[in-house]
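The values are calculated or read from the model by the stated rules, or taken from the named source; none is laboratory data. Computed from a predicted model, the values in this text were never measured in an experiment. Reconstructed Cβ throughout: ideal geometry from the backbone, glycine too, with neighbour counts over all protein chains shown. The area values use the complete protein model at the heavy-atom level, side chains included, leaving out ligands, DNA and RNA. Shrake-Rupley method; radii C 1.70, N 1.55, O 1.52, S 1.80 Å.
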Amino acid sequence: MEKETAAMTAEKEQNKDRTGCYAAAISILCSGLLLSGAAGLLGELIPFGGNLLFLAVSAGAAVLVILSQQKKALEVILPLFLLTAAFVLLFFRMEAVIQGMLSIANTVLKKWNMIFDTYLPLYGLSSDKQEDLAPAVCILGILVGIFTGYGVWRQWLGLLTGEVFVILAAGCLLQGNPSFDPVILLLAGWLGVWTGSRAGNRRNQKIPLCICVLTLLFG
C-alpha cells in the first residue's frame with residue numbers, strides 16, 4: 001500500500017513538472033511574439049538600429065522572469081537581480097542613459113513633426129552616438145522584459161492589452177506605412193495570452209498554442 005501511494009505521489013509530481021514546463025514554454029512563446037512585434041513596430045523610432053538590442057535584452061529578461069517562477073527560491077531573487085543590474089547601469093552610465101533617452105525622444109518628435117506638420121522643439125544633445133544609446137536601450141529592454149514576462153505568466157490581461165495598443169498606435173501613426181509582419185506577431189502573442197486565460201487552468205495549453213500558430217499562418 002505504501003509503495004502504491006509513493007508511486008502515485010511520484011507520478012503526480014512528474015505530471016506537475018511537465019505541466020509547469022509546458023506552461024512556461026507557452027508563456028515564453030507568447031512573450032517572444034509580443035516583444036518581436038514591438039521591436040518591429042518601434043524599429044525606426046529607436047535610432048542606430050537599437051530595436052535589435054531592445055529585442056535581445058527584453059526577450060532575455062522575459063525568459064528569465066518566466067523561468068524564475070518555476071522555483072520559489074528564484075521567484076523574487078532573479079527579477080530583483082535584473083532590476084539591480086538596470087539600476088547599476090543607470091548609476092555608472094547616467095549621462096549616457098540620459099543622452100540615449102533624449103535621442104529616442106528626439107526621433108519620436110521628428111517623426112511626429114514630419115507626419116502631423118507640427119513644430120515641436122527637440123532636445124539639445126551634447127552628442128548623438130550609438131555608444132550613448134546602448135545603456136538606455138538596455139535599461140528600457142530590462143524593464144519592458146520584466147513587465148512582459150510577469151504579465152504573460154500571471155495573465156495581466158488589462159495591462160498587456162494597454163501595452164499592445166500603445167505600441168500599435170505608436171508604430172502605425174509614427175512610422176507612416178509599417179510592415180504588417182510585426183502587427184501579426186504582436187496580435188498572435190496577445191491572442192495567445194487571452195485564450196490561455198479563458199482555458200481556465202494551465203493544464204489546457206493547447207488552445208493558446210493553436211491560436212498563436214493559426215494567427216501566424218493566417219497573417
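Counting heavy atoms of the protein chains alone, T195 has an accessible area of about 30 Å² for a 1.4 Å probe. Karplus-derived 3J(HN,Hα) values for segment 97-108, using 6.51 cos²θ - 1.76 cosθ + 1.60 with θ = phi - 60°, are 5, 5, 4, x, 4, 5, 5, 5, 4, 5, 4, 5 Hz; glycine and proline are entered as x. Among the chymotrypsin sites (Phe, Trp or Tyr not before Pro) in segment 80-147, those placed in a DSSP loop whose Cβ has at most 10 other Cβ atoms within 10 Å are Y119. Under a point spin-label approximation (7 Å from Cα along Cα-to-Cβ), what is the M94-E44 distance to one decimal in nm? In this crude label model, M94 to E44 measures out at 3.6 nm. Counting every pair of alpha carbons in segment 15-124, the share spaced more than 22 Å apart comes to 51 percent.
When the residues V152, V108 are ordered by accessible surface, computed with a 1.4 Å probe over the protein chains alone, the sequence from largest down reads V108, V152.
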